Amino acid sequence: MAREILVATRADGSSTRFALEVFEEGDHWASTLARLDERGQPEAARVAPRFYGLTAEQARRRMISVLENDYDDVRPLVDD
């Protein structure tokens, strides 16, 4: 699965972009999340530990749920 850019927005309108990566790791899938700087480059520190799932979508959803705990809206970035 390719890297996905997520935009997380708080109630006050401030938003942060994150890079979500989901990858196969042996017999399961793993996901990682990194905050993106103003140039769109991932910051060195990870936002959350790895999350695992039996499927790519399960690993993806587990990581997105971490953001949903801190932000009011989390959506994939869609290029127009």
Taking only the alpha-carbon positions of the chain and ignoring solvent, what does the Debye formula give for the base-10 log of I(q)/I(0) at q = 0.11, 0.20 Å⁻¹? -0.27, -0.86
Using a Gaussian network model of the chain whose springs link C-alpha atoms within less than 10 Å, name the residue from ALA48, ALA11, ALA56 with the highest mean-square fluctuation. ALA11
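At 222 nm, what value in deg cm²/dmol follows for the chain if DSSP H runs of at least 4 each add -39500 (n - 2.57) and the sum is divided by all its residues, to the nearest 500? Working shown, then result.
Details: 1 runs with 15 residues, N = 80.
Helices in the chain give a 222 nm mean residue ellipticity of -6000 deg cm²/dmol.
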How high is the FRET efficiency from ALA45 to VAL78, r the C-beta distance, R0 22 Å, rounded to 0.05? 0.25
Which residues among segment 61-80 fall inside the zone where the amide N is under 15 Å from a point 7 Å beyond the Cα of ILE5, along Cα→Cβ? 75-80
If you line up the long axis of helix 56-70 against the longest principal axis of the chain, both from Cα atoms, how many degrees apart are they, to the nearest 10? 30 degrees
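All of the numbers you see were taken from the coordinates with simple rules; none came from a lab. Here the structure is a predicted model, which is why all the values come from computation and not from measurement. Please note: Cβ atoms are built from the backbone with ideal geometry, for glycine as well, and neighbour counts cover all protein chains shown.
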